[in-house]
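The values are calculated or read from the model by the stated rules, or taken from the named source; none is laboratory data. Given the structure is predicted, the values throughout are model-derived calculations rather than measurements. Please note: Cβ atoms are built from the backbone with ideal geometry, for glycine as well, and neighbour counts cover all protein chains shown. Accessible surface areas use protein heavy atoms only, side chains included; no ligands, DNA or RNA. Shrake-Rupley method; radii C 1.70, N 1.55, O 1.52, S 1.80 Å.
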Amino acid sequence: MQTQIAPRFQDDPAVAEADAILRTCVHCGFCTATCPTYQLLGDELDGPRGRIYLIKEFFAGAPATEHTLTHLDRCLTCRACETTCPSGVRYARLAEIGREYIEAEVGRPAVERLKRRLLRAIVPHPERFRLLLQLGDACKPLLPEALARKVPALPKPLSVRSTVLKSAQQRRVIALAGCVQSVMSPATGAALEQLLGTLGIAAEVPASAGCCGALSLHLNAHAEARDYMRRNIDAWWPLIEAGAEAILVSASGCGSMVKEYGEALQGDPVYAEKAARVAALARDPSEWLLDHAEEVPFVAADRGTVAFHAPCSLQHAQRLQGGIETLLQRAGYRLTGVRDSHLCCGSAGTYSILQPVLSRQLRNQKLEALQAEQPDCIATANIGCQMHLQSGCATPVRHWLELCAEALQR
Ligand code: SF4
Ligand code: SF4
């Protein structure tokens, strides 16, 4: 695609990066067919090709309006378009740059700004997030039923324990507890430790590591996101120097973010090298466990039927497909077929809060596909998808690591 950058953006390195991405798009439109928001809304500007066109026009000097921002806001950043694109267009990075500049130009109403600020102030901080849920739980009897149903139940805190004794010679990996996952599903981290323990591998979970930075990044708070990344790198670095073999991230949304630390901090003179090392060490636990699948002592049994929902951050961002399904089958679960498995469930970070109507439509479509064969359970790999799907169905929705850990016993 031919581009022309307006004089006011000349010499801006982020716009130069956007321009380079824009030039790789040949405008073929293949991506439109797999875009969930285009499928729902049927408007070219709510599909990847249209959004790319809007960003191109903006950097060429066209004025941005609130309509421009609305079309970009409706994008889930699910990256299905990247998987489909034959030209390798890095859409997500382009959208990230485009959104930052267009939001700065157009602005948002005060209520929208407040919503985003509150999300950034609460969600990445487990203690604040837990307090908010406790408050919501206490107020449930006073709320209208429809609203009360939306307050998720807070699980009992679980002390995450390692099943192996650590020694200086112990093989070890780093695990990220995550912010939302550590509050809403502590059993996921415990399951990972249990599975690693059967292989004689210890998981280190440094308390000073926290949010991966994805939430801030997706809300256009780029500097704040980079601060979270630096904090995690500082927390992990002594363990990396001591020989940790990998950084295992059980929430695939956080995993895709940590794998991009190198790119996000490439301009940082202090952290660039460390960030690249961290990104190279980051793995989804399925990648690690698949390498050791023969050694995991699953107890043979028929454990019922499972419909697996592959989060976009797993299949489109990390490009991991089929590994978790293989592990679940080895653990004794029978997988059901799921149509349109490439489509987003509508969770997409804070999307379910900021775009509730589209998000609910996508969730309901996804649940229909997942429940078509009436599975005993739905499994997924990301806490956001897990909570979002569970809010719309009675079938239990669980992290696949918990199902695998259960298969260590009869
Ligand atoms: S992003 Fe890729 S698939 Fe979509 S129009 Fe551009 S080149 Fe074609
Ligand atoms: S990231 Fe997802 S929602 Fe956004 S344009 Fe691409 S396919 Fe559509």
Report summary line: Residues of the stretch 251-270 being out of contact with any strand residue (DSSP E or B) (no Cβ under 7 Å at 6 or more places or on another chain) and open to solvent by less than 50 Å² (accessible area, probe 1.4 Å), in sequence order, are 251, 252, 253, 256, 257, 261, 262, 264, 265, 268
Report summary line: So the helices (runs of 4 or more DSSP H) completely within the stretch 319-410 holding 2 or more residues that are touching a Phe, Trp or Tyr at 6+ places or on another chain (Cβ under 6 Å) and touching a residue at least 12 places away in the same chain (Cβ under 8 Å) are 323-330
Report task. Go through the stretch 44-62 residue by residue and tally those that are more than 8 Å from ligand 2 (Cβ to nearest atom), touching a residue at least 12 places away in the same chain (Cβ under 8 Å) and not in a helix (DSSP H, G or I). Result -> 2
Query raised in the report: Which residue out of 74, 113, 79 is more than 8 Å from ligand 2 (Cβ to nearest atom), among the basic types (Lys, Arg) and within 25 Å of residue 225 (Cβ to Cβ)?
Result: 113
Report summary line: If we keep only residues of the stretch 1-42 that are within 26 Å of the chain's Cα centre (by Cα) and in a loop (DSSP other than H, G, I, E, B), then the residue surrounded by the most Cβ atoms within 10 Å (Cβ to Cβ) is 35
Report summary line: (1) open to solvent by less than 40 Å² (accessible area, probe 1.4 Å); (2) within 11 Å of ligand 1 (Cβ to nearest atom); (3) touching a residue at least 60 places away in the same chain (Cβ under 8 Å); (4) not polar (S, T, N, Q) all hold for residue 90 apart from (1)
Requested in this report: Considering each of 77, 83 in turn, give the residue that is of a type outside the set (Lys, Arg) and either open to solvent by 60 Å² or more (accessible area, probe 1.4 Å) or not in a loop (DSSP other than H, G, I, E, B) (or both).
Outcome: 83
Query raised in the report: Do the conditions hold for residue 114, that is, is it out of contact with any Lys or Arg (no Cβ under 7 Å at 6 or more places or on another chain), part of a loop (DSSP other than H, G, I, E, B) and not β-branched (Val, Ile, Thr)?
Result: no
